[in-house]
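The values are calculated or read from the model by the stated rules, or taken from the named source; none is laboratory data. Source: prediction; values computed, not measured. Because the Cβ atoms are built from the backbone with ideal geometry, glycine has one as well, and the counts that use them run over all protein chains shown. Only protein heavy atoms, including side chains, enter the accessible area calculation; ligands, DNA and RNA are left aside. Shrake-Rupley method; radii C 1.70, N 1.55, O 1.52, S 1.80 Å.
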Amino acid sequence: MAIDLLTPAQIDEMRPAGRFVAEVLTALQEAADVGVNLLDLDALAHEMIRERGAESCYIDYAPSFGNGPFGKVLCTSVNDAVLHGLPHDYRLADGDLVSFDFAVTVDGWVCDSAVSMIVGTPDEKDQWLIDVTQEALDAAIAVARPGFKIGDISRAIGDVGRKHGLGINKQFGGHSVGRTMHGGLHIPNDGRPKRGYPLKPGVVIAIEPWFLHTTDEIVMDPDGWTIRSADGSRGAHVEHTVAITDGDPIVMTARG
Ligand code: MG
Ligand code: MG
């Protein structure tokens with residue numbers, strides 16, 4: 001599969017998309033509270049998209065696994081939902097673990113990022129799960145450099161999960177990003193080091209570890225989108241779009 005390598009100038013052109021995605025996720029984190037409806041959070045993101053003149057990657061998204069088109073601009077995955085949560089008429093409750101996943105096109109370039117948080121009073125175990133998922137993302141970003149391969153990114157995520165006794169699901173993972181949300185590279189959340197596509201300057205990838213408390217099995221919600229843990233345990237999901245350079249990686253969607 002041919003992978004588009006972006007020039008440093010193209011990576012610079014992509015920065016506004018990354019900044020905007022970070023801005024929206026920050027606004028969502030600030031707005032999310034006990035009693036806030038998921039539909040209102042989707043509306044907030046939609047309004048920000050309109051004001052910015054950006055384009056949602058989700059609203060018309062209709063992949064083979066989904067009950068498409070998605071129809072919303074934001075994924076809201078609450079508690080045992082972990083991926084692709086379709087916003088619905090639900091008010092967040094005290095202690096809910098919610099993940100927001102958001103991708104848009106700005107000036108012709110896509111960035112994609114996700115964050116997990118707890119609303120109201122945090123449960124210690126849930127906060128731990130979020131922290132471990134973030135640790136996996138950080139470990140993966142640390143090897144997002146020339147000299148490593150996609151398998152090293154995968155392995156870094158898998159190793160953190162294993163170290164903490166978590167199961168690792170490889171069905172949904174990261175991907176390359178550019179003019180479209182999903183480029184030619186798939187990045188499973190576990191794999192073999194020194195295998196797969198070599199990371200070179202200009203490779204831009206979305207890295208997205210997610211873990212469930214007590215299972216690695218998932219089930220599809222009847223809504224045809226939302227992916228839940230098979231055993232009802234809660235999940236966390238974090239994601240950044242990262243550009244590989246000849247120096248340090250650039251976290252395009254870093255929040256201030
Ligand atoms: Mg995403
Ligand atoms: Mg993604």
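Quick notes
- Output for segment 184-208, where each listed residue is more than 13 Å from residue 149 (Cβ to Cβ), more than 15 Å from the chain's Cα centre (by Cα) and open to solvent by less than 50 Å² (accessible area, probe 1.4 Å): 184, 190, 202
- Positions within segment 125-139 being β-branched (Val, Ile, Thr) and either assigned to a loop (DSSP other than H, G, I, E, B) or out of contact with any Gly (no Cβ under 8 Å at 6 or more places or on another chain) (or both), in sequence order: 130, 133
- Against the list (1) loosely packed, with under 15 Cβ neighbours inside 10 Å; (2) under 19 Å from the mean Cα position of the chain (by Cα), the condition residue 35 fails is (2).
- On inspection, residue 195 passes the criterion of being over 25 Å from residue 85 (Cβ atoms), more than 16 Å from ligand 2 (Cβ to nearest atom) and of a type in the set (Lys, Arg).
- A search for C-beta distances below 9 Å between a residue of segment 202-219 that is free of Cβ contacts under 8 Å to residues at least 24 places away in the same chain and any residue that is within 16 Å of ligand 2 (Cβ to nearest atom), counting only pairs 6+ apart in sequence or on different chains, returns 219/227.
- Only residues that are under 19 Å from the mean Cα position of the chain (by Cα) and in a loop (DSSP other than H, G, I, E, B) were counted across segment 140-167, and they come to 4.
- Residue 204 out of contact with any Cys (no Cβ under 7 Å at 6 or more places or on another chain), more than 15 Å from ligand 2 (Cβ to nearest atom) and modelled with pLDDT of 95 or more: no
- From 174, 151, 184, 147, residue being within 16 Å of ligand 2 (Cβ to nearest atom) and out of contact with any helix residue (DSSP H, G or I) (no Cβ under 8 Å at 6 or more places or on another chain): 184
- Count of segment 110-124 residues, restricted to those that are of a type outside the set (A, V, I, L, M, F, W, C) and either under 19 Å from the mean Cα position of the chain (by Cα) or exposed (fewer than 13 other Cβ atoms within 10 Å of the Cβ) (or both), is 5.
- Where strands (runs of 3 or more DSSP E) fall wholly inside segment 61-108, the ranges with 2 or more residues that are within 20 Å of residue 49 (Cα to Cα) and open to solvent by less than 40 Å² (accessible area, probe 1.4 Å) are 75-78, 97-106.
- So residue 232, is it modelled with pLDDT under 95, outside any strand (DSSP E or B) and away from ligand 1 (no atom under 14 Å from the Cβ): no
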